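Working notes, structure below.
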Amino acid sequence: MTSPVTAPTTATKSGLITNLDASPIVRATSGMGGAGFLRQRRGIITPTASQATSVLNRMVRIPSNAIVSKVAIILDAAGTTISGNVGLWYSDSTNDGTSPQNQGNLTAISSAFFASALAMATFTYLPGTDPANVVGLSAPVDITFAAATLAFTDGNYVPSQSVFPIWQAVANLLALQTTPVERD
């Protein structure tokens, strides 16, 4: 093992390490650095060629206390002229705890929280190709932080917020938005 050219003179700790060093130890909860079960959700839709651009395709439902570690996309066939956002909307269910005033609400919590204006042809499955090949893909493409460098008035997912339940990540990011940004 080699030592650094300049030896460190101070050290910083993540919240996880600080909690483990505490007396008594503060154990991290599942998803926030602690052990837990990983659950996946997969949604499938078949949009028609004549589908209006104003259609909201609801893909998966996640609980508001879910900690989202990955959002990925793959398509069966090329959608050469399709582009879209991947965001968060309220549930339209009456039996999952969504408040009645938000059930079926078509106003987004954050319309492009994970990705904005993605050209969907980029995510087409081509058998036998290498996932790193830009011509084709053989595995779902991770878009979890595709909007991280963009500025939206309704928030965008950034890596530092990925340890929080989704409701808290949204709230934290909305609190950081100080300058309204117009979107088309």
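A few notes on this one:
- Here the peptides 156-169, 61-74 are ranked by packing, the mean other Cβ count within 10 Å, and the order with the highest first is 156-169, 61-74.
- For the pair Ser23 and Gln168, a Förster radius of 22 Å applied to the C-beta separation gives a FRET efficiency near 0.25, rounded to the nearest 0.05.
- Were the residues from Leu56 through Ala72 laid out at 0.36 nm apart, the gain over their Cα-Cα distance would be 4.0 nm.
The numbers here are math on the coordinates, done by the rules we state, and not lab data. Just so it is clear, the model here is predicted, and its values are computed rather than measured. Heads up, the Cβs are rebuilt from the backbone with ideal geometry, glycines too, and the neighbour counts pull from every protein chain shown.
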